[in-house]
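In what follows, a structure is listed as structure tokens, so that the remarks can point back to it.
The values are calculated or read from the model by the stated rules, or taken from the named source; none is laboratory data. As the structure is a computational prediction, the values presented were derived from the model and not from experiment. Neighbour counts run over all protein chains shown; Cβ positions are idealised from the backbone, glycine included. Side chains included, ligands, DNA and RNA excluded: accessible areas come from the protein's heavy atoms. Shrake-Rupley method; radii C 1.70, N 1.55, O 1.52, S 1.80 Å.
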Amino acid sequence: MKEKISLIIPSYNEKDNITPLVERIDRALAGQDYEIVLVDDNSKDGTIEAAEALATRYPVKVVVRRDERGLATAVVHGLKHASGSIIGVMDADLQHPPEKLPDLVKAIEDGADMAIGSRYIPGGGCPNWDMTRKIVSKVALMISHLLLPSTRRVKDPLAGFFMFRRENVDIAKLKPIGYKISLEIMLTGNFKNIVEVPYIFEERSAGKSKLRPQQQIDFLKHLFSLMRRTGELAMFLKFIAVGMSGVIVNEGVYWLLTRFGGLAAYDYWAVIIGIEVSIITNFVLNDSFTFARRRTGKSFPGRLLKFNLICVVGAGIQWGLFMLFTRSFGVYDLLSNFIGIVVGFLWNYYVNRNWTWK
Ligand SMILES: Nc1nc2c(ncn2[C@@H]2O[C@H](COP(=O)(O)OP(=O)(O)OP(=O)(O)O)[C@@H](O)[C@H]2O)c(=O)[nH]1
Ligand SMILES: [Mg+2]
């Protein structure tokens, strides 16, 4: 017996797209056990009537929300009405080609627990986008990869065209804001094997785009919410706290060595020892506190060595920026040093987060 596929399709004023969409899906999924769950936010252009007419001929469930708007929450709502063990999500405006659905299904049948339609792997793309939209999309992608490093295993985590096994997702955990439902599902779900399938994002042939500048703000709010819920933000804040403790250790060791340790005349050595001791205490704290949940399976000396190396390079970055800003740009020395500290800190955090405690 084939597993049942539920395609959840959010729609808002897509009257002219709905019939060709359902017909093309039905052709693409011939021989599969599938249903379409169309979640419409009370469109007034006739989308609902068109969908209800299709429901007499095709396996279409029309779910109308009257009290809420929003793409991602519509998909969560649709999940509650879906009965398949495989869930697919796609737009109603034919920008996600239904003919690619079999590739997504195949990826799941071959063992993936999530299959993502990707614009950013060979064979995929958005050839019809203008320069601005291309840049906005790439910047959004970069920000996601930077702020939520666990999305880096996927080239296109922001796609709205994907499939997954329902058992890997806990609906109660889904709290998306805005448009990026794939991000929400990928990061709150328990996915071990995510596969990307290339597709071309088509031009919108009918209906209007619902993209508004507000969505960029919602996107940032959503990223922040995911950083909080996935523990990413907590790690960052702990790393800052540990870094501050390192300053105290660094100063304390310098003070002890120069005042009581006989290094009064060798203060440059006291500085170096202070730096190294604080790197080690920072390491121990980060290893047992900040990144405690991420250290399994890696050797302690290996982590210590990587951390040490990264921090020395970080110090080099701070020094280099200090020299650059004071000498080349004539910037006030305390400000130059501060810029160096911030950049060096971000370097230390990011590289350690993704390499030492990978
Ligand atoms: N239920 C529901 N669906 C929505 C809402 N906003 C957008 N959609 C649907 O979500 C899908 C994607 O929205 P679009 O406006 O096409 O967004 P986009 O594809 O990123 O932008 P374009 O390329 O300009 O079309 C479409 O099927 C829309 O009808 C909403 O508030 N509620
Ligand atoms: Mg669209």
FRET efficiency, 1/(1 + (r/R0)^6) with R0 35 Å, evaluated for Met131 and Met244 via beta carbons: 0.20
Springs between alpha-carbon atoms under 10 Å, Gaussian network over the chain: tell me which of Val284, Val75, Val342 tops the mean-square fluctuations. Val342
How far, in degrees from 0 to 90, does helix 232-259 lean away from the longest principal axis of the Cα atoms of the chain, to the nearest 10? 0 degrees
Taking θ = phi - 60°, what integer Hz values does the Karplus form 6.51 cos²θ - 1.76 cosθ + 1.60 yield along the range 153-158, in sequence order, with x for Gly and Pro? 6, 10, 7, 9, x, 9
Amide hydrogen neighbours beyond the local backbone of Val197, cut-off 5 Å, H modeled: Ile116, Gly117, Ser118
For the range 350-356, what does the Karplus curve 6.51 cos²θ - 1.76 cosθ + 1.60, with θ = phi - 60°, yield as ³J(HN,Hα) per residue in whole Hz, taken in order and with x for Gly and Pro? 5, 6, 5, 4, 9, 10, 4
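Among the trypsin sites (Lys or Arg not before Pro) within the range 1-54, which fall in a DSSP loop and have no more than 11 other Cβ atoms within 10 Å of their own Cβ?
Listed in order of number, the matching sites are Lys2, Lys44.
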Label-point separation, Leu335 to Ala265 (7 Å along Cα→Cβ), nm: 4.2 nm
Shape verdict for the chain, please, from the Cα gyration tensor: rounded (a/c under 1.5), prolate (a/b greater than b/c) or oblate. prolate
Given a 1.4 angstrom probe, I'd like the percentage of the accessible area of the range 1-107 that is carbon and sulfur, rounded to a whole number. 49 percent
Rounded to one decimal in nm, the spacing of the 7 Å Cα→Cβ label points at Lys175 and Lys210 is 2.3 nm
With every protein chain left in place, what is the accessible area per residue of the range 180-299 in square angstrom, probe 1.4 Å? 57 Å²
Can you compute 3J(HN,Hα) from phi for each residue in the range 42-49, using the Karplus curve 6.51 cos²θ - 1.76 cosθ + 1.60 with θ = phi - 60°, rounded to whole Hz and x for Gly and Pro? 6, 4, 10, 9, x, 4, 5, 4
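Taking square-rooted eigenvalues a ≥ b ≥ c of the alpha carbon gyration tensor, is the range 248-358 rounded, prolate or oblate, where a/c under 1.5 means rounded and, failing that, a/b exceeding b/c means prolate?
It comes out oblate by the Cα gyration axes.
Subtracting the Cα-Cα distance from 0.36 nm times the residue separation, let me have the gained length for Lys2 to Ala234 in nm, one decimal.
79.2 nm
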Taking a probe of 1.4 angstrom, what is the accessible area of Asp33 in Å², to the nearest 10? 60 Å²
In whole Å, how far is the Cα centre of the range 89-113 from that of the range 118-136? 18 Å
Sum of -39500 (n - 2.57) over DSSP H runs of 4+, divided by residues of the chain (222 nm, nearest 500): -16000 deg cm²/dmol
R0 = 51 Å: FRET efficiency of Leu309 with Thr56, Cβ-based, nearest 0.05? 0.15
Rounded if a/c is under 1.5, else prolate if a/b is larger than b/c, else oblate: which is the range 133-209, with a ≥ b ≥ c the root eigenvalues of its Cα gyration tensor? prolate
Please identify every one of the chymotrypsin sites (Phe, Trp or Tyr not before Pro) in the range 302-336 that sits in a loop by DSSP and has no more than 11 other beta carbons within 10 Å of its own beta carbon. Phe329, Tyr332
Using the beta-carbon distance between Lys221 and Trp355 and R0 = 35 Å, what value does 1/(1 + (r/R0)^6) give for FRET efficiency, to the nearest 0.05? 0.75
Pairwise centroid distance, computed over Cα atoms, of the range 259-275 with the range 189-219, Å: 57 Å
So what's the angle, to the nearest 10 degrees on a 0 to 90 scale, between helix 15-28 and the longest Cα principal axis of the chain? 90 degrees
Taking H as built 1.01 Å from N, whose amide H comes closer than 5 Å to the amide H of Asp45, not counting residues under 5 places away? Asn13
Give the angle, between 0 and 90 degrees and rounded to the nearest 10, that separates the Cα long axis of helix 214-230 from the longest principal axis of the Cα atoms of the chain. 60 degrees
Members of Lys106/Lys173; Lys134/Lys175; Lys238/Lys298; Lys106/Lys210; Lys61/Lys221 lying beyond 29 Å, as alpha-carbon distances in this model show: Lys106/Lys210; Lys61/Lys221
At 0.36 nm per residue, minus the direct Cα-Cα distance, what do Ala30 and Ser328 gain on full extension? Give it in nm, one decimal, please. 100.6 nm
